[in-house]
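Engineer: What follows is a structure written as structure tokens; I'll ask about it next.
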2 protein chains.
Amino acid sequence: MREKDPNKLEAIFKATLKLVLREGFTALKMSDVAKEAGIATGTVYVYFESKEDLINQLYLELKKRNAEEFLKGYNAKAPFMACFEKVWHNYVRAQMQEPEAAAFLEQYYRSPYLQEHVRKETDKMLQPVFDLLERGKEERLVKDMPTELLVIQLSGAIGELVRWHMNGQIKANPTIINKALELAWDSIKR
Amino acid sequence: MREKDPNKLEAIFKATLKLVLREGFTALKMSDVAKEAGIATGTVYVYFESKEDLINQLYLELKKRNAEEFLKGYNAKAPFMACFEKVWHNYVRAQMQEPEAAAFLEQYYRSPYLQEHVRKETDKMLQPVFDLLERGKEERLVKDMPTELLVIQLSGAIGELVRWHMNGQIKANPTIINKALELAWDSIKR
DNA sequence: TTAATTAATGAATATCTATTCATTAATTTT
DNA sequence: AAAATTAATGAATAGATATTCATTAATTAA
């Protein structure tokens with residue numbers, strides 16, 4: 001039993017991400033994926049049943065990696081402010097390090113591949129943020145506003161920062177990122 | 001010379017928006033557009049040369065409408081705070097009233113149809129916001145931060161609010177919208 | 001070392017969808 | 001009212017792309 005090559009699988013993922021970033025789902029062709037990955041068209045079908053399968057598997061994989069990145073070194077017992085900064089930086093880093101992934105996830109949300117239960121499932125990833133913000137409210141450090149609104153404020157700003165960065169409209173260096181953190185915090189602090 | 005029916009043109013636009021909101025560009029078929037608009041497939045080609053043409057014409061039309069909405073009743077000579085609130089509410093309203101348009105524009109930005117010069121062209125729509133924020137900095141009402149960052153903070157939050165609203169994850173009634181404004185202002189105020 | 005098994009290939013096929021066009025219907029002009 | 005013009009139709013066509021599969025190459029087991 002000859003083994004499948006994990007490098008090829010990863011190459012397919014990478015190629016897909018690259019192409020989706022460049023032209024979106026609309027222009028994604030299996031033959032292009034294969035070419036970009038440096039393999040034959042048919043080989044993609046050794047690893048994935050169909051285009052739909054590829055996209056969904058990749059989606060789940062990205063979510064998994066994202067969650068790991070997201071909670072790296074997070075300790076819910078630390079003081080609130082430490083937790084907040086940690087989560088914020090993790091979130092930014094997760095998005096910044098993998099802008100292709102961010103673009104893919106964005107596309108997935110507006111595609112025929114999306115299944116509602118999957119969306120709900122993966123939205124749970126934000127739960128730690130919800131918990132943290134509610135703790136912040138209890139400790140009277142954060143405004144008494146619907147937690148959803150607070151999350152929207154934070155994730156919206158980060159997402160937009162990454163988009164502008166990718167467009168080349170802004171260069172998101174550490175200085176900029178820290179300033180963005182300051183803005184974000186001033187927004188929700190009591 | 002029989003005249004073309006402006007209702008049909010509008011119906012095609014509407015159908016396209018509806019379908020793109022539901023499943024994105026990926027699943028957009030000319031035959032579906034026609035069916036949704038209640039006309040024959042071929043009729044779409046009476047009004048548009050091609051699918052590409054349809055998408056680009058719709059894009060330009062939406063941008064035009066958006067810009068009108070955006071600047072409605074705006075008077076740059078009013079006191080800063082009045083201007084800020086006006087612009088903010090206009091921006092929210094433009095996005096909220098036409099969530100389908102917002103979804104379409106989002107998709108367009110990640111599609112093979114996008115042309116870089118078009119993106120740059122239409123990004124100019126944000127110029128009034130840039131101007132206003134720079135005035136705010138001069139008047140010492142707004143933080144001395146790169147204007148881009150301030151814009152990112154504002155537009156990111158609004159965009160995310162609309163997305164959550166569309167997903168049904170939050171009900172953006174006037175109360176919520178005002179709270180969001182409060183958060184946004186606290187973020188950038190000095 | 002040979003046989004067996006499975007990955008890899010890519011041209012051929014099947015499927016799907018944009019576009020065309022011969023025909024019909026509606027409107028306008030004469 | 002008849003002729004002329006153009007919109008509207010939708011089945012047929014052209015073109016594009018997902019998927020298959022007969023064949024080859026590589027790896028593993030015997």
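Engineer: What does the charge dipole of chain B about its Cα centre add up to, to the nearest 20 debye, if the Cβ of each Lys and Arg holds +1 and the Cβ of each Asp and Glu holds -1?
Structural biologist: 320 debye
Engineer: Separate question: How about region B:65-139: which trypsin sites (Lys or Arg not before Pro) there are in a DSSP loop, with at most 16 other Cβ atoms within 10 Å of their Cβ?
Structural biologist: Passing both the DSSP loop test and the Cβ count: B:Lys72, B:Lys77.
Engineer: For chain B, calculate the relative contact order in percent as a whole number, restricting contacts to Cα pairs under 8 Å that are 6 or more residues apart.
Structural biologist: 19 percent
Engineer: If we hang a label 7 Å off Cα along the beta carbon direction at B:Lys8, how far is it from the matching labels on the other copies, in nm, shortest first?
Structural biologist: Label-point distances to the other copies, shortest first: 5.1 nm.
Engineer: 5 Å is the cut-off here: which amide hydrogens, built 1.01 Å from N in the peptide plane, fall below it relative to B:Val142, excluding neighbours closer than 5 in sequence?
Structural biologist: B:Lys137, B:Arg190
Engineer: At 25 °C and 0.890 mPa s, grab the translational diffusion coefficient of the protein assembly as shown from Stokes-Einstein with a Kirkwood Rh over Cα pairs, rounded to a whole number in µm² per second.
Structural biologist: Translational diffusion coefficient: 109 µm²/s.
Engineer: What percent does the relative contact order of region B:1-48 come to when contacts are Cα pairs within less than 8 Å and at least six residues apart?
Structural biologist: It rounds to 34 percent for region B:1-48.
Engineer: Determine the principal axes of the Cα atoms in chain A, then give the extent along each, sorted from largest to smallest and rounded to whole angstroms.
Structural biologist: Its Cα atoms span 59, 36, 29 Å along the three principal axes.
Engineer: How large is the direction-averaged shadow of the alpha-carbon convex hull of region A:1-92, in nm²?
Structural biologist: So the mean shadow area of the Cα hull is 8.1 nm².
Engineer: Using 1/(1 + (r/R0)^6) with R0 = 41 angstrom and r between the beta carbons of B:Asp53 and A:Glu61, what's the FRET efficiency to the nearest 0.05?
Structural biologist: It comes to 0.65.
Engineer: Can you figure out the FRET efficiency of A:Glu68 with A:Asp5, using R₀ = 25 Å and their beta-carbon distance, to the nearest 0.05?
Structural biologist: 0.60
Engineer: What list of ³J(HN,Hα) couplings, whole Hz, do you get for region B:68-85 from phi and the Karplus terms 6.51, -1.76, 1.60, once you set θ to phi - 60° and write x for glycine and proline?
Structural biologist: Running phi through 6.51 cos²θ - 1.76 cosθ + 1.60 with θ = phi - 60° gives 4, 4, 5, 9, 4, x, 7, 10, 5, 8, 5, x, 3, 4, 5, 4, 4, 4 Hz.
Engineer: Can you work out the Karplus-derived ³J(HN,Hα) for every residue in region A:99-108? Use 6.51 cos²θ - 1.76 cosθ + 1.60 with θ = phi - 60°, whole Hz, and x for glycine or proline.
Structural biologist: So the Karplus estimates, Gly and Pro as x, are x, 5, 5, 4, 5, 4, 4, 4, 5, 4 Hz.
Engineer: Another one. Would you please give the FRET efficiency between B:Glu134 and A:Thr175, computed as 1/(1 + (r/R0)^6) with r the Cβ-Cβ distance and R0 = 22 Å, to the nearest 0.05?
Structural biologist: 0.65
Engineer: Quick one: Karplus J couplings for region B:180-189, per residue in order, coefficients 6.51, -1.76, 1.60, θ = phi - 60°, nearest Hz, x for Gly and Pro?
Structural biologist: My calculation for region B:180-189 gives 4, 4, 4, 4, 4, 5, 4, 5, 9, 5 Hz in order.
Engineer: Take the residue pairs A:Lys4/A:Lys63; A:Lys18/B:Lys171; B:Lys86/B:Lys137; A:Lys77/A:Lys137 and return only those whose Cα atoms are more than 25 Å apart.
Structural biologist: Going by Cα-Cα distance, A:Lys18/B:Lys171 fall outside the 25 Å limit.
Engineer: A follow-up question, please. Can you list, shortest first and in nm, the gaps between the label point of B:Val118 and those of its counterparts in the other copies, using a point 7 Å from Cα in the C-beta direction?
Structural biologist: Spelled out, the distances from B:Val118's label point are 2.8 nm.
Engineer: Given the C-alpha centroids of region A:93-168 and region A:50-80, what is the distance between them in whole angstrom?
Structural biologist: 12 Å
Engineer: Quick check on chain A: helices-only [θ] at 222 nm, where DSSP H runs of length 4 and up contribute -39,500 (n - 2.57) each and the sum goes over total residues. Nearest 500, please.
Structural biologist: -23500 deg cm²/dmol
Engineer: Between the DSSP loop rule and a limit of at most 13 other Cβ atoms within 10 Å, which GluC sites (Glu not before Pro) in region B:1-109 are left?
Structural biologist: When the GluC sites (Glu not before Pro) of region B:1-109 are filtered for loop state and at most 13 Cβ neighbours within 10 Å, B:Glu3, B:Glu49 remain.
Engineer: Additional query: Can you give the charge dipole size of the protein assembly as shown about its Cα centre, rounded to the nearest 20 debye, using +1 on the beta carbon of Lys and Arg and -1 on the beta carbon of Asp and Glu?
Structural biologist: The dipole of the protein assembly as shown has a size of about 380 debye.
The numbers here are math on the coordinates, done by the rules we state, and not lab data. Computed from a prediction, not measured in an experiment: that's the story for all the values here. Don't worry about glycine lacking a Cβ; one is built from the backbone with ideal geometry, like all the others, and counts go over all protein chains shown.
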